[in-house]
1. Could you check segment 122-147 and list, in sequence order, the residues that are over 25 Å from ASP246 (Cα atoms) and either more than 17 Å from the chain's Cα centre (by Cα) or free of Cβ contacts under 8 Å to residues at least 40 places away in the same chain (or both)?
2. Could you check LYS176 against (1) surrounded by 14 or more Cβ atoms within 10 Å (Cβ to Cβ); (2) in a helix (DSSP H, G or I) and say which number it fails?
3. Output the residues belonging to segment 228-245 that are surrounded by fewer than 19 Cβ atoms within 10 Å (Cβ to Cβ) and not in a helix (DSSP H, G or I).
4. Residue by residue through segment 246-257, note down the ones that are within 16 Å of THR47 (Cα to Cα) and in a loop (DSSP other than H, G, I, E, B).
5. Answer yes or no as to whether SER270 is modelled with pLDDT under 95, assigned to a strand (DSSP E or B) and either under 15 Å from the mean Cα position of the chain (by Cα) or closer than 26 Å to GLU121 by Cβ (or both).
6. Just for segment 47-76: of the residues that are over 14 Å from the mean Cα position of the chain (by Cα) and of a type in the set (A, V, I, L, M, F, W, C), which one is surrounded by the fewest Cβ atoms within 10 Å (Cβ to Cβ)?
7. Restricting the search to segment 41-72, which residues are farther than 23 Å from PHE108 by Cβ and in contact with a helix residue (DSSP H, G or I) (Cβ under 6 Å, 6 or more places away or on another chain)?
8. Within segment 100-138, which residues are assigned to a loop (DSSP other than H, G, I, E, B), farther than 27 Å from ARG215 by Cβ and of a type in the set (Val, Ile, Thr)?
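The values are calculated or read from the model by the stated rules, or taken from the named source; none is laboratory data. These numbers were taken from a predicted model, which means no experiment stands behind them. Ideal geometry is used to build each Cβ from the backbone, glycine not excepted, and the neighbour counts take in all protein chains shown.
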Amino acid sequence: MKSSSLLLLSFLLGVCGVQGASSFKICAFNLHHFGESKVKNSNVVHTLARIITRCDVCLLQEVRDMKGKAVPQLLDRLNRTDTVSVTGQYQYPDDREGDVDAFSREPFIVRFKAPKTDIKEFVLIPQHTTPTNTTKELDALYDVLQHVRKMWKTENVMLLGDFNADCGYLAKKNRKHVRLLTERNLYWLIPEKTDTTVRSSTSCTYDRIVVHGERFARSVVPTSAAPFNFQKAYRLSEEQALDVSDHYPVEVLLKGAADRVSLSVGTFLSLFVLKVLT
């Protein structure tokens with residue numbers, strides 16, 4: 001196998017929403033080929049900034065910035081300082097056990113301390129599955145989850161991203177082979193038949209948020225998990241919305257701590273560069 005010239009950058013960007021809010025928002029957004037061309041569109045960058053700054057932590061996927069120019073421009077637009085602290089990050093090596101080719105893009109795992117939330121500390125496992133290998137990769141994420149639980153001795157784990165978990169990529173007959181769906185103690189927060197796509201001609205629940213354990217599930221604000229329809233919120237035409245992305249971001253609110261005070265405005269960036277294997 002050899003790596004192609006295409007670079008896929010996945011990064012976590014923590015930004016504060018409205019000060020005084022009583023909850024903590026986590027988002028996942030497939031930007032659909034975000035790179036030099038898209039960052040030159042001032043309307044697109046303006047809309048992206050409005051979307052991202054609604055979140056305390058936001059996973060951005062499908063960032064393709066081979067020259068390393070698009071991401072800094074987006075960050076300049078956001079222009080914030082830290083709100084959360086990373087206590088560990090880990091790339092899951094898919095040759096540890098089982099099939100060495102389980103993932104085309106190996107998951108990155110990040111642990112956060114968030115003392116102003118009810119949960120206090122949690123781990124995120126972001127993943128953008130390969131459409132042609134969705135069933136296998138989603139099932140393999142269960143192994144990643146178990147490895148992280150053992151490694152960091154934590155039950156507070158959230159898996160999120162564009163799972164391609166619907167329509168032609170995850171057939172109903174294959175769902176019984178996905179342990180992330182069949183095993184107990186896992187809570188899929190984005191309801192089935194929820195459209196996370198922008199195009200009016202499609203209706204698929206590709207983008208998902210999954211939490212492990214009752215403790216984490218109880219720390220989620222009930223019914224808060226949903227796609228954010230930025231087209232409707234910002235009164236965009238379908239064409240204008242598609243210039244931003246063909247996916248809506250999905251988001252969920254974590255309950256705040258009882259003694260929570262207002263968050264300071266800020267941003268945290270951890271940048272991960274993945275080479276797509278061919």
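1. The initial filter retains those residues of segment 122-147 that are over 25 Å from ASP246 (Cα atoms), namely 122-123, 139-140, 142-147.
Those that are over 25 Å from ASP246 (Cα atoms) and either more than 17 Å from the chain's Cα centre (by Cα) or free of Cβ contacts under 8 Å to residues at least 40 places away in the same chain (or both): VAL123, ASP139, ALA140, ASP143, GLN146, HIS147.
2. (1)
3. Within segment 228-245, PHE228, ASN229, TYR234, ARG235, LEU236, SER237 meet the criteria.
4. If the condition is that a residue be within 16 Å of THR47 (Cα to Cα) and in a loop (DSSP other than H, G, I, E, B), then ASP246, TYR248, PRO249 are the ones that fit.
5. On the way: modelled with pLDDT under 95: yes; assigned to a strand (DSSP E or B): yes; either under 15 Å from the mean Cα position of the chain (by Cα) or closer than 26 Å to GLU121 by Cβ (or both): yes.
So SER270 fits the description; yes.
6. Ranking the candidates gives MET66 first.
7. If the condition is that a residue be farther than 23 Å from PHE108 by Cβ and in contact with a helix residue (DSSP H, G or I) (Cβ under 6 Å, 6 or more places away or on another chain), then VAL44, VAL45, THR47, ALA49 are the ones that fit.
8. Once the filter is applied, which keeps residues that are assigned to a loop (DSSP other than H, G, I, E, B), farther than 27 Å from ARG215 by Cβ and of a type in the set (Val, Ile, Thr), segment 100-138 yields VAL100, THR130.
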